[in-house]
Amino acid sequence: MTFLGHDCILEMLEAEPPKLFELGTADKACIQQASYDLRLGEDAYLVGADTPIRLSTDKMEHLTIAPGQFALLMSHEILEVPPDLIGFISLRNRFKLQGLVNISGFHVDPTFKGRLVFAVNNVGPSDIRLRFMERTFTITFARVEGGTGMPRQTFGDRLPLEYVQSLGGSSITLTRLQKEIDELRTRILIYAPIGVALLTALLLNFLRK
């Protein structure tokens, strides 16, 4: 299997028309030795929220994923994978080390067109903060030999509503569990002495009779 190197990726981006990505969505500065760093796009969804989040540089630039929380993230780049290439995707190492895990697919089929959706989970002990247009994911391209069949349908450039609905509902995060445990501990500290005092009074009253 042959992977595309820096010069080959750059050549395809500079082609007329450009290959690999839709015109105007890729940045040459994101090309690495044998991969391309995908940036965090506008649409995101945190499981437990009512609606998706719209990130932007002027209103909401950052996204926080709590420990134990699931999220859907989209790439800024719109891919246009040629029929003779396949893509392999992952999170950048800096986010893996914080505990962010990609739980969705790990490859992009030939002829795929659209933005990529990543389902992720924070399995680390701390909040993970992501920034709009930050290099968050990485993709490598490899050659495919032989025919690839019928082209894929265009995926689109917005977060699909059915993805959000399938993950809708309450999200039990480690932070939320810790908060509930702390509240329960506080209630015990407040009401336990009262309960003990009442029980003692009842016993004393019973013994006097």
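Is one or more of the residues making up segment 40-61 more than 19 Å from Val164 (Cα to Cα), touching a Ser or Thr at 6+ places or on another chain (Cβ under 9 Å) and of a type outside the set (Asp, Glu)? For segment 40-61, residues more than 19 Å from Val164 (Cα to Cα), touching a Ser or Thr at 6+ places or on another chain (Cβ under 9 Å) and of a type outside the set (Asp, Glu): absent.
The residues of segment 76-91 that are under 10 Å from Val108 (Cβ atoms) and either without any contact (Cβ under 8 Å) to a residue 40 or more places away in the chain or in a strand (DSSP E or B) (or both), listed by number, are Leu79, Leu85, Ile86, Gly87, Phe88, Ile89.
Could you please find all residues in segment 116-144 being closer than 17 Å to Ser56 by Cα, part of a strand (DSSP E or B) and out of contact with any Lys or Arg (no Cβ under 8 Å at 6 or more places or on another chain)? Selection gives Arg129, Leu130, Arg131. The residues listed here are Leu13, Leu20; of these, the one that is over 29 Å from Asp127 (Cα atoms), free of Cβ contacts under 8 Å to residues at least 60 places away in the same chain, assigned by TED's automatic domain parsing to the domain that holds Val123 and in contact with a Leu (Cβ under 9 Å, 6 or more places away or on another chain) is Leu13. Which one is surrounded by the most Cβ atoms within 10 Å (Cβ to Cβ) among residues in segment 39-64 that are among the acidic types (Asp, Glu) and in contact (Cβ under 8 Å) with a residue 40 or more places away in the chain? Per the stated criteria, the residue is Asp43.
Quick check: anything in segment 1-10 in a helix (DSSP H, G or I), in contact with a helix residue (DSSP H, G or I) (Cβ under 7 Å, 6 or more places away or on another chain) and closer than 20 Å to Arg143 by Cα? Checking segment 1-10: at least one residue is in a helix (DSSP H, G or I), in contact with a helix residue (DSSP H, G or I) (Cβ under 7 Å, 6 or more places away or on another chain) and closer than 20 Å to Arg143 by Cα.
Confirm whether Ala29 is surrounded by fewer than 17 Cβ atoms within 10 Å (Cβ to Cβ), free of Cβ contacts under 8 Å to residues at least 60 places away in the same chain and assigned by TED's automatic domain parsing to the domain that holds Arg131. Write out each step before concluding.
Working: surrounded by fewer than 17 Cβ atoms within 10 Å (Cβ to Cβ): yes; free of Cβ contacts under 8 Å to residues at least 60 places away in the same chain: yes; assigned by TED's automatic domain parsing to the domain that holds Arg131: yes.
Spelling it out, Ala29 is indeed surrounded by fewer than 17 Cβ atoms within 10 Å (Cβ to Cβ), free of Cβ contacts under 8 Å to residues at least 60 places away in the same chain and assigned by TED's automatic domain parsing to the domain that holds Arg131.
Residues in segment 91-116 that are within 16 Å of Leu79 (Cβ to Cβ) and small (Gly, Ala, Ser) were compared, and the one that is nearest to the chain's Cα centre (by Cα) is Ser104.
Go over the candidates Ala49, Ala71, Ala66 one by one and state the one that is touching a Leu at 6+ places or on another chain (Cβ under 6 Å) and in the same structural domain as Glu22 (by TED's automatic domain parsing). Criteria check complete, one pass: Ala71.
Residues that are among the aliphatic types (A, V, I, L, M) and part of a loop (DSSP other than H, G, I, E, B) within segment 145-164 comprise Met150, Leu159, listed in sequence order.
In summary, Phe112 fulfils each of the numbered conditions (1) crowded, with 18+ Cβ neighbours inside 10 Å; (2) touching a Ser or Thr at 6+ places or on another chain (Cβ under 7 Å) with the single exception of condition (2). Annotation: Ala142 fulfils all but one of (1) at pLDDT below 95; (2) surrounded by fewer than 16 Cβ atoms within 10 Å (Cβ to Cβ); (3) within 19 Å of Ser90 (Cβ to Cβ); (4) aliphatic (A, V, I, L, M); the unmet one is (1).
The values are calculated or read from the model by the stated rules, or taken from the named source; none is laboratory data. Note that this is a predicted model, so its numbers are computed, not measured. Here Cβ is always computed from backbone atoms with ideal geometry, including for glycine, and neighbour counts include all displayed protein chains.
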